[in-house]
Amino acid sequence: MPVAHTLEGPLSVDVLGRQDPELAEILLGELERQSTTLQLIAAENFTSPAVLAALGSPLANKYAEGYPGARHHGGCEIVDVAERIAVERAKALFGADHANVQSHSGSSAVLAAYAALLRPGDTVLAMGLPHGGHLTHGSPANFSGRWFDFVGYGVDPESGLIDHEQVRTLARTHRPKAIVCGSISYPRHIDYAAFREVADEVGAYLIADAAHPIGLVAGGAAPSPVPYADVVCATTHKVLRGPRGGMLLCGSELAERVDRAVFPFTQGGAQMHTIAAKAVAFGEAATPAFTAYAHQVVANARVLAQGLVAEGLAVTTGGTDTHLLTVDPAPLGVDGRTARGRLAAAGMVLDTCALPHPDVRGLRLGTAALTTQGMGEAETARIAVLFATALRDESAGREVREEVRDLTGRFPPYPAH
Ligand SMILES: *Cc1c(COP(=O)(O)O)cnc(C)c1O
C-alpha cells in the first residue's frame, strides 16, 4: 500500500514549539523533570517512544462508539483493525477468553466490572481503604461507597499480610454479592485461589482489581488472577508500561455483560489512539525482553527493601514479592509527610500511603520506572542508601540531589539518538 501521508514534518513536535511555545516549554520541562529526578511512584513508568507515537497520532481524531464491526460512526474500518489487534493481543498475553480494551482508566474498568455484575445497594467485600484498598473499593467520596454497601477486610497488623480468616468470617456474615481482591499498596502476591474458595462458599462473584500487578503477570513474574476471577480489572499504564488507561478480562459467558457495561453503560466513544497504544504495549509485553524486565523489576524491589531494612526503616511484611513496597520512616525520626518532602528535595519522587497501623502515614515506593531506565541491583542498592541519608539528615539533601542527577544522567529514560 503506498503511504501518502507520513508522520514527519507537519506532525512533529517542533510544530507545537512554533505555534505555542508556552505549552511546548511545559512538555520539555516535564521531560526534564522526569529525566533528572528518580521516579519512585509505584504506579508510574516510562512508556516507549512507539507507545507515545500511537498516542500522539491522528487516531485521536476518530469517533468510534461501539465495537469493531458494530460502530455507530462511519469510517471506522481502519481503527476497527487496531482494536481487534489490541483485543487479540490482550487475550493471548493473559490467556483470557475475552478482553475489553476500551476503559478510559483503571477506575472506569472497576466501575464497569461492578456495572456488569451488581445492582446499586448490593453488598461488596473488598480491602478496606486504610489497609490498601483503592478509592473504587468503597470510599465514601467515590461512586463505589455511595452506590454499594462495602464491607472492608484488612491485613494482620503484625505480619502485614492479608487476614484470610477475617475474609472468610466477613464473607459468611455479610454474604456479599462480590468479593474484590487487589490493592494499591499490598507488596505481596495475592492468593487468588484462597479468595476464589471463599467466593464459591458464599456464592459471590470474584473481581480481581489487578491494576498494579498486571504488568508482572504479563511478564510471568506474578501469579495470574485470570484462572480464578470472574472479572479482572486492570490498568495499562503501571508496570505494564502502556498508555494511561484500563482494561477488563473475563470468560466468554460474561463477555457480553462486560462489553455492555463499558459501552454504552458507563462510557461513550472509545479512544482509538489510546487503544492503538495499548496494542503496541501488549505487543511489547509479549517479548522475552519484557519478561526479563518484569523479573528485574521484582529483583530490584527486593534489593531496595533489603537496603531499606539494613538502613533501619520498617518495611511492611519485611520485604516484597512485587514491584512495590511500603515503609514506615518513623525509626529514622520522621513521619511520612516530612519524609516525602525531604526526599523530594533530594530528587526522589514518591507517595505517602496508609500503613497497617491505623493513623500512620508511610511511604510507597516502586521500581517499575527505574528498571525501564536500565537500572539494576547495584543502582537500587545505592538508592536505598541515598534514600536513608536524605531522610536522616535534611542538610544531606543537596549532596544526594547531585548524586541522583548523576545517576539519572547515566540512565536516561528517553536517550537522545
Ligand atoms: C491504580 C489503581 C486503580 C485506578 O486506576 P486509574 O487509572 O487511576 O483510575 C484502581 N484500582 C487499583 C487497585 C489501582 O492500583
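Quick note: the coordinates plus some simple rules give every number you see, no bench work behind them. Computed from a predicted model, the values in this text were never measured in an experiment. Backbone-built Cβ (ideal geometry, glycine too); neighbour counts: all protein chains shown.
Rounded to two decimals, the Cα-based Rg/Rh of region 288-410, with Kirkwood Rh, is 0.96.
Assuming charge only on the beta carbon of Lys and Arg (+1) and of Asp and Glu (-1), the dipole of the chain about its Cα centre is about 280 debye to the nearest 20. So what's the gap between the Cα centers of region 375-417 and region 120-174, to the nearest angstrom? The distance from the Cα centre of region 375-417 to that of region 120-174 comes to 37 Å. Here the peptides 322-333, 239-250, 27-38 are ranked by packing, the mean other Cβ count within 10 Å, and the order with the highest first is 239-250, 322-333, 27-38.
Under the simplified labelling scheme, the residue 337-residue 392 pair shows an inter-label distance of 2.6 nm, with each label point 7 Å from Cα along Cα→Cβ. For region 309-365 and region 244-304, what is the separation of their Cα centres, given in Å? For region 309-365 versus region 244-304, the Cα centre distance is 28 Å.
Three principal axis extents of the chain based on alpha-carbon atoms, in descending order, are 63, 62, 38 Å. Under a model in which nothing but the beta-carbon of Lys, Arg (+1) and Asp, Glu (-1) is charged, region 288-410 shows a dipole of about 180 debye around its Cα centre.
Please compute the net charge surrounding residue 149, taking Lys and Arg as +1 and Asp and Glu as -1 over other residues with Cβ under 13 Å from its Cβ. It would help to have the intermediate numbers written out before the result.
On the way: positive: 119, 146, 175, 177; negative: 122.
Net charge around residue 149: +3.
Close Lys pairs in the chain, defined as Cα atoms under 22 Å apart and 8 or more places apart or on different chains, number 4.
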